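Asks: Quick one: structure below, then a few questions.
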Amino acid sequence: MYKKHFFLAAMAFALPLTPVAAQELRLPIERSVAAVPVVPAASADLDSLKADCKELYSALRVYSDNALKTQQNSPEFMEASAAGQYLRGKLEQLGGCAGISDRVDAGGGQGGAVSSRVKRELNEVFGFYGAPAHRPPELRGVQVKAGYCQINYVKNSVPFLVQYDGFLKKGEIILTYDDGPGPFSGEVSASMKEGGAQALFFVLGRNMAGAAGKERIKAEAADGSFVGVHGYDHATVNDRPFTAYSQEKVISQLRQVAGMISGVTGKKPGFFRPPYGIISPDALKIAASELGLVPLGWTIDTLDWSTKDPETLFQNTIAMIKQPAGYRLLQHF
Ligand SMILES: [Zn+2]
């Protein structure tokens, strides 16, 4: 069980993040692909690459549409968002998809379809559609902290971290950026500093293995922003969620990344967000009690994986944060 003082410390750490007015939010939110190795296409394979891109993109459109028309944090929304994030990552790994998917993005898309091959892969990755053997029964509300966050088992008992924002005042938001550091990290943290605010960056160990990544998180911390743990990879080397690893492996990975952050910034990270928000309650509790990492989800997913058009993303995001109550926004590098 969590200790009470742990959460008091967590809240004290969370609250000094300065709220930002909605009008000041025009930040560089284009995604970067720096962390993902780009596979160049040999000309003989171009047709098959194009077919792969179209297949993935067609599925991405479906999950995009599903996410946009369902309630944030509902089981349908979480399934769509996790699938969409994964598919966008796949598209970016196929560097040659840029021309194809960008054109469809700009035109707003033509609907789509999920092929049986893509559906099979998504099931292998997340387990949404498979037999629920060896999984816990469907449960809602495994308490992490009352009124703060909890684990909900959604479709086929996949455990998602769900966040609440009751501690934020009306009009307050916390901006978070996942999957960095990347080439835009410095621009984001400098913009936040200029506005007298702080962001919270959930970083990947693989992106700070080199000198450039280390410099980037050093700059984020120097600008007054917070650096938290996302994982080493995202979360496995193949972008599977943490439920694909043993609990011991999850904890050792988180310990490694926390150590990397401390080593570079001189500050022990205080927050942790599992990739896709998917993690078992037991691993989450050990990360908190043994590593001192406060679990933090989000209340608004900006769906930045659903479009590559910055203006569309900006307008969608502003519309989301104009809704009542406080928010914590999820965005990606
Ligand atoms: Zn992520």
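Throughout, read-outs are computed from the coordinates displayed, never taken from laboratory work. Everything numeric here is computed off the predicted structure, so don't read it as measured data. Please note: Cβ atoms are built from the backbone with ideal geometry, for glycine as well, and neighbour counts cover all protein chains shown.
Asks: Fewest first, what order do 174, 100, 279 take by the number of other Cβ atoms within 10 Å?
Replies: Least to most surrounded, the residues fall as 100, 174, 279.
Asks: Hey, another quick one. Using the Kirkwood formula over every pair of different C-alpha atoms, what hydrodynamic radius in Å results for the stretch 120-245?
Replies: About 16.8 Å, per the Kirkwood formula over Cα pairs.
Asks: Now, a different point. Nearest 20 debye, what's the magnitude of the dipole of the stretch 227-333 about its Cα centre given +1 on Lys and Arg Cβ and -1 on Asp and Glu Cβ?
Replies: Approximately 320 debye in magnitude.
Asks: Could you list 240, 117, 273, 206 in order of exposure, starting from the residue whose Cβ has the fewest other Cβ atoms within 10 Å?
Replies: In order of increasing Cβ crowding within 10 Å: 117, 206, 240, 273.
Asks: Give me the lysines in straight-line cross-link reach of residue 170: C-alpha distance below 29 Å, same-chain residues under 8 apart excluded.
Replies: 3, 4, 69, 145, 193, 322
Asks: Which order results if 203, 154, 114 are arranged by neighbouring Cβ count within 10 Å, fewest first?
Replies: Fewest-to-most Cβ neighbours within 10 Å comes out as 114, 154, 203.
Asks: Follow-up question, since we're still on this one. Where the centre of each part is set by its Cα atoms, how far does the stretch 114-130 sit from the stretch 233-301, in angstrom?
Replies: With the stretch 114-130 and the stretch 233-301 each reduced to a Cα centre, they are spaced 24 Å.
Asks: Okay, moving on. Pairs of Cα atoms under 8 Å, at least six residues apart: use those to get the relative contact order of the stretch 208-333, whole percent. Walk me through the numbers on the way to the answer.
Replies: Working: 137 pairs, mean separation 26.5, N = 126.
Normalised by residue count, the contact order of the stretch 208-333 is 21 percent.
Asks: Something else now. Can you give the relative contact order of the stretch 48-102 as a percent, counting alpha carbon pairs under 8 Å and 6+ residues apart? Mind dumping the intermediate values first?
Replies: Details: 46 pairs, mean separation 26.0, N = 55.
Contact order relative to length: 47 percent.
Asks: List every residue whose amide H lies under 5 Å from the amide H of residue 174, counting only residues 5 or more places away in sequence or on a different chain, with H placed 1.01 Å from N in the peptide plane.
Replies: Counting only residues 5 or more places away or on other chains, the set is 327, 328, 329.
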